[in-house]
Amino acid sequence: MNTGNKKQDARSLKELQGVAPILNHAIISFARDPLCTWQFIITDGLRTAQEQAQLVVQGASHTLNSKHLTGQAIDICILLNGKARWEFELYKRFAQAFRAYAFNNFNLDLTWGGDWKKLKDGPHFELKDETP
């Protein structure tokens, strides 16, 4: 992605294997857009049922029915000066920028985990149910 670090970029591309083509294309295009000022990596894409169950046990997820299981979701990590950052406000601003980009360039309306009522998940983006 837009990290300036080939190792991190390679990890992101690996995590995107199996992700729905439209979501994959949108996030890669966003990262490569010259107007994108965000540095970030993809930390999770397609998951197995076993991986999802483990995340539920760890308390990192509250569902066994995640869109990660079908490749319709990604998680990101924002980097500032090469270091992972987790402040919700950063993810809120990233979400505004990425969702606008995805909609304007791909007519793609994404769900952001930061908008959820119960478990707010700032790094999480997924395709809405009506997206093919």
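Every number here is computed from the coordinates shown, using simple stated rules; none is lab data. Just so it is clear, the structure is predicted and the values come from calculations on it, not from any experiment. Cβ: placed from backbone, ideal geometry, glycine included. Neighbour counts: every protein chain shown.
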### Query
How much length, in nm to one decimal, is gained on full extension between ILE22 and LYS117, taken as 0.36 nm per residue of separation minus their Cα-Cα distance?
31.6 nm
## Note on the structure
Amide H contacts under 5 Å for GLN72, restricted to residues at least 5 apart in sequence or on another chain and with H modeled in the peptide plane, are ALA20
### From phi via Karplus (6.51, -1.76, 1.60), per-residue ³J(HN,Hα) for region 51-60 in Hz, x at Gly/Pro
4, 5, 4, 5, 5, 5, 4, 6, x, 7
#### Entry: Charge sum, other residues only, whose C-beta stays under 14 Å from PHE98's C-beta, Lys/Arg counted +1 and Asp/Glu -1
-1
### Cβ charges +1 (Lys, Arg) and -1 (Asp, Glu), total dipole of the chain, debye
320
#### Entry: Residue-wise HN-Hα coupling along region 101-111, computed from phi with Karplus coefficients 6.51, -1.76, 1.60 (Hz; x: Gly, Pro)
4, 4, 5, 5, 9, 10, 6, 10, 9, 9, 8
### Task
Report the residues of region 38-56 in range of a label on ARG85: point 7 Å along Cα→C-beta, backbone N strictly under 11 Å from it.
38-40
